[in-house]
Amino acid sequence: MQAAIIGTGACVPDQVLTNKALEELVDTSDEWIVSRTGIRERRRAGHDEASSDLAYSAARHALKDAGIRADEVDLVLVATATPDMLLPSTACIVQGRLGLKHVPAFDLSAVCTGFIYGLSTADAFIRSGAYRTILLIGVDTLTKFTDYNDRTTCVIFGDGAGAIVVRATHEKKGVVGSTLYADGSKWDYIYVPAGGSRTPSSVADKTNCYLRMKGHDTFKVAVRGLEQAIVDLLERCHLSPDEVDIVIPHQANVRIIEALTRKLGYPPEKVFVNIERYGNTSAASIPIALDEAVRAGKIKSGDNVLLAAFGSGLTWGASLIRW
Ligand code: COA
């Protein structure tokens, strides 16, 4: 059995936060943000808009695209670092809104690499025969944990959700393989100090509820990690780099993407980039980009689609899909 992707969908909040608007909040400039990150604007969830709202909407789009009813789904996976609340899982909230009685649902957390971890998990469940139709959603609302006084982080992150429907097939298509990695010794490269069991929000200082990032250090390990994930994956799948038709990298920083594609020797037209409109949407960035690439007609049946991500944890990994 292989895990084929039979539908994609996405949802971003309506509110647009431009670089010009950020110039009003912190000492920065449109020119600095564009040249250092490639980001022109990002979306920001409203006060009453939580991760599950975006996830539910993306899931609806993916189910419609797949042409299946919600009750055909037999497992719901949500990759997120920004659940609606500490408990229950956001997957359960989405499962309930979809009316999926008794269908198992759980969150998994690998932050910006969450979608790759989720896809690998869905693939393993399908190959084992445990489930036939899996709804996988990548969603994050990191702007809720962003300090809009901190110019080094507030220019980077945006909110959104992307979803796919994965179904078991005997055809020679779907997930070919994945590589997953983590390095917990660098957990403090990107983290939110409070809100968990170490410092519950009930005793936390407000400044500890915001994301902290060692941007420069993260940049360097991101390029190395992505390269390792891709080289190992292609070797494992017995594929040469030029047999890849399209690369969809995590949209963290356009300079990371350019450095990576230079190292791997891919021409820019093979690499999908939409960071200028959304910023870094964490676990949502790859499924949003995948959905856009599909809708733009950039992926056709039989194509080898390479996904690669890097994020807090540290975590990193890549997946290869035969479309
Ligand atoms: N506007 C203007 N200046 C800024 C700024 C901003 N928004 N943010 C930082 N600067 C300043 C710094 O204060 C520093 O000034 P100094 O030299 O006077 O101290 C200068 O720009 C250079 O800072 P540095 O951190 O070295 O910049 P950089 O080129 O590394 O770019 C990032 C910063 C955050 C854009 C970059 O490091 C990055 O993208 N890192 C990866 C982060 C990431 O991808 N995280 C998510 C992983 S999933």
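The values are calculated or read from the model by the stated rules, or taken from the named source; none is laboratory data. For clarity, every value in this text was computed on a predicted model and none was experimentally measured. Cβ coordinates were reconstructed from backbone atoms using ideal geometry, including for glycine residues, and neighbour counts include every protein chain displayed. Please note that ligands, DNA and RNA were not included when accessible areas were found on the heavy atoms of the full protein model with its side chains. Shrake-Rupley method; radii C 1.70, N 1.55, O 1.52, S 1.80 Å.
Return a yes/no flag: does region 222-236 have any residue that is touching a strand residue (DSSP E or B) at 6+ places or on another chain (Cβ under 6 Å), in the same structural domain as Lys144 (by TED's automatic domain parsing) and acidic (Asp, Glu). The answer is no, given that none of the residues of region 222-236 is touching a strand residue (DSSP E or B) at 6+ places or on another chain (Cβ under 6 Å), in the same structural domain as Lys144 (by TED's automatic domain parsing) and acidic (Asp, Glu). For region 59-81, state whether one or more residues are more than 16 Å from the ligand (Cβ to nearest atom), within 19 Å of the chain's Cα centre (by Cα) and open to solvent by 50 Å² or more (accessible area, probe 1.4 Å). Scanning region 59-81, I find at least one residue that is more than 16 Å from the ligand (Cβ to nearest atom), within 19 Å of the chain's Cα centre (by Cα) and open to solvent by 50 Å² or more (accessible area, probe 1.4 Å), so the answer is yes. Which of the residues spanning region 258-279 are open to solvent by 10 Å² or more (accessible area, probe 1.4 Å) and either assigned by TED's automatic domain parsing to the domain that holds Thr146 or closer than 20 Å to Leu314 by Cα (or both)? Answer for region 258-279, where residues must be open to solvent by 10 Å² or more (accessible area, probe 1.4 Å) and either assigned by TED's automatic domain parsing to the domain that holds Thr146 or closer than 20 Å to Leu314 by Cα (or both): just Ala259. Number of residues in region 82-114 that are over 28 Å from Ala222 (Cα atoms) and within 16 Å of the ligand (Cβ to nearest atom) equals 0. For region 94-121, the set of residues classified as surrounded by fewer than 23 Cβ atoms within 10 Å (Cβ to Cβ) and assigned to a helix (DSSP H, G or I) consists of Gly96, Arg97, Ser120, Thr121, listed by residue number.
No other residue among Thr169, Thr146 is surrounded by 18 or more Cβ atoms within 10 Å (Cβ to Cβ) and among the polar types (S, T, N, Q) apart from Thr146.
Quickly run through region 288-321 and pick out the residues that are of a type in the set (D, E, K, R) and either surrounded by fewer than 19 Cβ atoms within 10 Å (Cβ to Cβ) or in a loop (DSSP other than H, G, I, E, B) (or both). Glu292, Arg295, Lys298, Lys300, Asp303 - these are the residues of region 288-321 that are of a type in the set (D, E, K, R) and either surrounded by fewer than 19 Cβ atoms within 10 Å (Cβ to Cβ) or in a loop (DSSP other than H, G, I, E, B) (or both). The residues of region 195-214 that are within 16 Å of the ligand (Cβ to nearest atom) and buried (at least 16 other Cβ atoms within 10 Å of the Cβ), listed by number, are Tyr210, Leu211, Arg212, Met213.
Exactly one residue out of Leu17, Leu25, Leu54 is away from the ligand (no atom under 16 Å from the Cβ) and either buried (at least 19 other Cβ atoms within 10 Å of the Cβ) or modelled with pLDDT of 95 or more (or both): that is Leu54. The set of residues in region 126-140 that are in a helix (DSSP H, G or I) and of a type in the set (Ser, Thr, Tyr) contains only Ser128.
Would a scan of region 217-228 turn up a residue that is under 15 Å from Leu320 (Cα atoms) and either of a type in the set (A, V, I, L, M, F, W, C) or in contact (Cβ under 8 Å) with a residue 40 or more places away in the chain (or both)? Yes. If you go through region 1-14 and keep only what is open to solvent by 20 Å² or more (accessible area, probe 1.4 Å), at pLDDT 95 or above and touching a helix residue (DSSP H, G or I) at 6+ places or on another chain (Cβ under 6 Å), you end up with Ile6, Ala10, Cys11.
In this structure, Thr179 does not qualify as of a type in the set (Ser, Thr, Tyr), modelled with pLDDT of 95 or more, open to solvent by less than 10 Å² (accessible area, probe 1.4 Å) and assigned by TED's automatic domain parsing to the domain that holds Val111.
Summed over region 149-166, the residues that are near the ligand (Cβ under 8 Å from one of its atoms), assigned to a loop (DSSP other than H, G, I, E, B) and open to solvent by less than 10 Å² (accessible area, probe 1.4 Å) give a count of 1. The set of residues from region 248-278 being within 10 Å of the ligand (Cβ to nearest atom) and either touching an Asp or Glu at 6+ places or on another chain (Cβ under 8 Å) or at pLDDT below 95 (or both) comprises just one member, Val254.
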